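The values are calculated or read from the model by the stated rules, or taken from the named source; none is laboratory data. Here the structure is a predicted model, which means the values were calculated and not measured. Here the Cβ positions follow ideal geometry from the backbone for every residue, glycine too, while neighbour counts run over all protein chains shown.
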Amino acid sequence: MLDRFNGLAPEAAEEALLACCASPGWAARVVAARPYQTPADLVVAGVTAFDELGWAELWQVLQAHPRIGQRPAGESTEAAWSRREQSGVEGATEELAQVNEAYERRFGHLFLIFASGKSADEVLAAARGRMRNDDDTEQTVVRGELRKIVELRLERLAEAAA
């Protein structure tokens with residue numbers, strides 16, 4: 001059961017969800033669909049609402065993510081999750097900074113990857129490979145990577161709220 005999450009004031013529930021996906025409209029839609037019976041119900045609702053986001057909303061969500069390889073500061077839930085997700089890329093800071101810069105020049109937004117369980121070499125190879133994508137293909141890839149991050153974070157939130 002998700003009694004704790006379901007019982008939060010709407011503003012508090014939205015704030016908790018923003019650690020999963022930094023779209024206020026997305027968080028409001030997920031909160032409006034409460035109550036959730038199971039953690040899986042929350043995850044499915046969150047992913048479904050994510051799939052409805054347009055590129056302009058996703059671009060805003062991207063702005064809330066730290067660059068891969070830059071250790072997020074602070075004690076927020078989102079910062080802690082980002083540090084955990086990026087733990088495999090420690091030690092490749094200079095190379096990641098270079099690939100981030102090239103990627104941002106190429107696509108106009110930060111490089112985003114579902115980094116959980118990936119080594120620095122895997123992340124660097126993915127970034128270099130994605131530099132060959134056209135804009136539409138890369139937007140599709142970014143959406144997929146961001147979706148995986150949102151789903152993982154929703155699972156963590158649901159687990160903590162159960």
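Below are the figures for this structure:
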item: Counted residues, the stretch 4-22 - those being in contact (Cβ under 8 Å) with a residue 24 or more places away in the chain and over 25 Å from His65 (Cβ atoms); result: 2
item: Residue that is surrounded by the most Cβ atoms within 10 Å (Cβ to Cβ) [pool: residues in the stretch 23-62 that are among the hydrophobic types (A, V, I, L, M, F, W, C), touching a residue at least 40 places away in the same chain (Cβ under 8 Å) and farther than 19 Å from Glu145 by Cβ]; result: Leu42
item: Index of the failed condition, Ser76 passing every other in (1) at pLDDT 95 or above; (2) under 24 Å from Phe5 (Cα atoms); result: (1)
item: Gly69 vs. criteria surrounded by 14 or more Cβ atoms within 10 Å (Cβ to Cβ), under 28 Å from Ala125 (Cα atoms), touching a Lys or Arg at 6+ places or on another chain (Cβ under 9 Å) and modelled with pLDDT under 95; result: no
item: Test result for Gln98, closer than 18 Å to Ala13 by Cβ, polar (S, T, N, Q) and at pLDDT 80 or above; result: no
item: Glu159 in a helix (DSSP H, G or I) and either at pLDDT 90 or above or surrounded by 17 or more Cβ atoms within 10 Å (Cβ to Cβ) (or both); result: no
